[in-house]
Amino acid sequence: MSVAACAALVQRADPDRFLATMAAPVAARSVLFPIYAFNVEVARAPWVTQEAMIAEMRLQWWRDALDEIAQGKPVRAHEVTVPLSVVLDKDGADLLDRLVQARRWDVYKDPFEDAGHFSEYLDATAGHLAWAAARALGCDAGEQAVRDAAWASGLANWFLAIPELEARGRVPLVDGRAEAVRDLATEGLARLARARAPQLAEPALLATWRAKALLTQAKRDPDRVGAGALGQSEFSRKFTLLWRSLTR
């Protein structure tokens, strides 16, 4: 039940966030790894079973753990919950609780209701995560900038996941036409361009480092999204992170 266990979990399941966190200042890592490990556990909970009730129970387990943290109660023993309870306050726990609620969409095969619902899902899953991380790092300003960057990054990651989501019987986009995909990528790039977050939030936003390159690809050639052809070379991927971490 340590930060090291959280880091190992993130390294296995979310290598991009692991690299981003390792590029952050050392002091920030002990804050970010428990939050990102929590995100790994919650994100995969709906996918480890085909039984909706079991998936719902897994998500509820995490909601109950967050409620214990929010109320200052002793938290249930788990390699993630214990270090997570050290870095979260009540508001942070409430933010992550709303993230868990949004993940209920992943349990079922219903499409998004409309474009607004899809946008809310990205803000709840990516935005709440990034803002909870930024707050845990001591940031108390620039929430919208953090959320804009996280929304764009969430969209880029969603584009990467579309072939797998479709293979699992999900309907990942409200409108999958090339024009609509291009419009989404354009909105994501616009959000990135106006996201000027405080320096305290920067370690939490290192995880967004791939968004610009991936969204630019999607805007130029939206057919790459459905074809699973978005991506970067390993050199480009790591160099972009290095540049971001050095220049902030």
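Just give me the residues in the stretch 20-35 being crowded, with 20+ Cβ neighbours inside 10 Å and either aromatic (Phe, Trp, Tyr) or assigned to a helix (DSSP H, G or I) (or both), in sequence order.
Keep residues of the stretch 20-35 that are crowded, with 20+ Cβ neighbours inside 10 Å, which gives 20-21, 24, 28, 31-35.
Once the filter is applied, which keeps residues that are crowded, with 20+ Cβ neighbours inside 10 Å and either aromatic (Phe, Trp, Tyr) or assigned to a helix (DSSP H, G or I) (or both), the stretch 20-35 yields Ala20, Thr21, Ala28, Val31, Leu32, Phe33, Pro34, Ile35.
Could you tell me which numbered condition Ala197 fails, if it satisfies all but one of (1) modelled with pLDDT under 95; (2) farther than 30 Å from Val31 by Cα; (3) in contact with a Leu (Cβ under 7 Å, 6 or more places away or on another chain)?
Status for Ala197: all satisfied but (2).
Just checking, does the stretch 63-76 include any residue being touching a residue at least 40 places away in the same chain (Cβ under 8 Å) and part of a helix (DSSP H, G or I)?
No - not one qualifying residue is present in the stretch 63-76.
For the stretch 98-193, please list each of the helices (runs of 4 or more DSSP H) lying entirely inside it that holds at least 2 residues being modelled with pLDDT under 95 and among the small types (Gly, Ala, Ser).
It comes to none.
Given the criteria assigned by TED's automatic domain parsing to the domain that holds Gly226, under 15 Å from the mean Cα position of the chain (by Cα) and surrounded by fewer than 21 Cβ atoms within 10 Å (Cβ to Cβ), does Leu160 qualify?
Criteria met by Leu160.
So Ala197 ticks every box in (1) under 18 Å from Gly127 (Cα atoms); (2) of a type in the set (Gly, Ala, Ser); (3) assigned to a helix (DSSP H, G or I) but one. Which box is left unticked?
It is condition (3) that Ala197 fails.
May I ask you to say which residue of Asp14, Asp67, Asp97 is of a type outside the set (A, V, I, L, M, F, W, C) and either touching a strand residue (DSSP E or B) at 6+ places or on another chain (Cβ under 8 Å) or under 16 Å from Trp131 (Cα atoms) (or both)?
Going through Asp14, Asp67, Asp97 in turn, just one is of a type outside the set (A, V, I, L, M, F, W, C) and either touching a strand residue (DSSP E or B) at 6+ places or on another chain (Cβ under 8 Å) or under 16 Å from Trp131 (Cα atoms) (or both): Asp97.
Out of the stretch 165-186, which residues are within 19 Å of the chain's Cα centre (by Cα) and free of Cβ contacts under 8 Å to residues at least 12 places away in the same chain?
Answer for the stretch 165-186, where residues must be within 19 Å of the chain's Cα centre (by Cα) and free of Cβ contacts under 8 Å to residues at least 12 places away in the same chain: just Leu165.
Scanning for something closer than 21 Å to Asn157 by Cβ and surrounded by 19 or more Cβ atoms within 10 Å (Cβ to Cβ), does the stretch 63-79 turn up at least one residue?
Within the stretch 63-79 (the criterion being closer than 21 Å to Asn157 by Cβ and surrounded by 19 or more Cβ atoms within 10 Å (Cβ to Cβ)), the answer is no, since none of the residues qualifies.
The values are calculated or read from the model by the stated rules, or taken from the named source; none is laboratory data. Keep in mind the model is a prediction, meaning the values are calculated, not measured. Here the Cβ is made from the backbone with ideal geometry for all residues, glycine too, and neighbour counts use every protein chain on show.
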